[in-house]
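Report on one structure; see the data block that follows.
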Amino acid sequence: MTQRRPAEPGDPLEAIETPALVVDLPALERNLDAMAAAVRGSGVRLRPHAKSHKCPDLAKLQMRRGAVGICCQKTDEALAFIDAGIEDVLLTNEVIAVPKLDRLAAAALRATVGLIADSAPGVELASAAAARAGSTLDLYVEVDVGAGRCGVQPGAAGDLALLATQSGSVRFAGLHCYHGAAQHLRSPQERSAAIASARAKVEQALRSLASRGVTCSIVTGAGTGTWRHERDSGVWNELQPGSYVFMDADYARNTAAGDDLRFEHSLYVLASVMSVPDARRSICDAGLKAFSFDSGLPLVGDRFGVAYVKASDEHGVLEASADEASLQLGERVRLIPGHCDPTVNLYDWIVGVRGSVVECVWSVAARGALG
């Protein structure tokens, strides 16, 4: 069932039913503006990754600030954004299932739809689907630049790109070169070195394309942890950061370089204290089903002497330090998720708050899009 809307525009903060996914709108807007300004005039395009928020309303805010389109990770996720009016979507995942390709090819009649491939069958299946639909799909060759996940080796990129140029119903659009493993390397030196290594692999891939006579207009990739390095690399010309809009507890563990932008925590799970067993311990209504715990426990955003120390299905245990005033029954706490992307996927609604008033309630339209 669809979750009950936890609030309505105009409600005071204390009227939000908890647990609820809440975004601090001024902090969100500062994050959006900072990234847009950092890319503007650089000759590099911004195509934010929407898997972080799964929310068309937020994607439209990014587009208004100059983004050329968005990225998605799943077919149904992409279709949810297209249905909501986003007209340029890149699906940054291999798709080989024919029914999914047919849905994407049909959507390409009303939007620009891109996808990636790292095999000849992937190119051929996409081309066949587009031919059946009478549409054209943009196709990017994925290159493994260090993540050790999907992607061809750099020297093999030219052969696959040439195949894409020879396939009648796909248009070779460029290279997809994302180093996901670099995003949460903790030191700026580690992140810089990882992207320097990735850059060398991109350059090798570009040489492979040139040897086959294939022109590459777009090299797309980058994430919230490394985007500055790709922007300044001279080889990437499109960036895909996603989590910068919200940030999370795990990104906060990265050490920033002196010239890094400091994006703010704008996303919280708002929870209520429902039990106070003793002076230092309180229990809130946001447990395992309210967060993704793959990147650790949430942080308490507005009570720095209080820690979230343990969770069960529907209970979160909060512990106050010796010099911190105890939490009171009914008190609200803002909890910063360890990992924003899968936490957002647990909710149907994002409550946008400005000051102490609810301004908007956004649908997480692509929630649960696993296919």
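Here, each number is a calculation from the coordinates, and none is a lab measurement. Because the structure is predicted, anything quoted here is derived from the model rather than measured. A quick note on method: Cβ atoms are made from the backbone with ideal geometry, for glycine too, and the neighbour counts reach across all protein chains shown.
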Residue-span extension gain [ASP323 to ASP83] - 0.36 nm each, minus C-alpha spacing: 81.2 nm
Within the range 249-281: backbone nitrogen closer than 15 Å to the SER187 label point (7 Å, Cα to C-beta): 254-258
Lysine pairs in the chain with Cα atoms under 20 Å, if 8 or more residues apart or on separate chains: 10
GNM result for the chain, Cα springs below 10 Å: residue of ASP248, ASP323, ASP33 fluctuating most strongly: ASP323
Distance-filtered residues of the range 280-296 - backbone nitrogen under 12 Å, label point 7 angstrom along LYS310 Cα→Cβ: 281-283
Ranked packing of 183-189, 68-74, 106-112, most packed first, by mean Cβ within 10 Å: 68-74, 106-112, 183-189
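Can you give the local net charge around VAL95? Use residues other than it whose beta-carbon is closer than 12 angstrom to its beta-carbon, Lys and Arg +1, Asp and Glu -1.
-3
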Bridge type composition, the chain - antiparallel percent by DSSP, nearest 5: 50 percent
Long-range Cα-Cα pairs in the chain (distance over 28 Å), rounded percent: 47 percent
FRET efficiency, 1/(1 + (r/R0)^6) with R0 41 Å, evaluated for ILE96 and LEU261 via beta carbons: 0.65
Principal-axis tilt of helix 120-133 within the chain, Cα atoms, nearest 10 degrees: 90 degrees
For the range 42-247, alpha-carbon Rg relative to the globular expectation (2.2 N^0.38 Å, N residues): 0.96
FRET efficiency for LEU109 and ARG171, using Cβ-Cβ distance with R0 set to 22 Å, rounded to 0.05: 0.90
Helix 25-39 vs. the chain, principal-axis angle (Cα, 0 to 90°, nearest 10): 30 degrees
Nearest 10 degrees, 0 to 90: helix 188-211 Cα axis against the chain principal axis: 20 degrees
Globularity index of the range 219-302, i.e. its alpha-carbon radius of gyration over 2.2 N^0.38 Å: 1.48
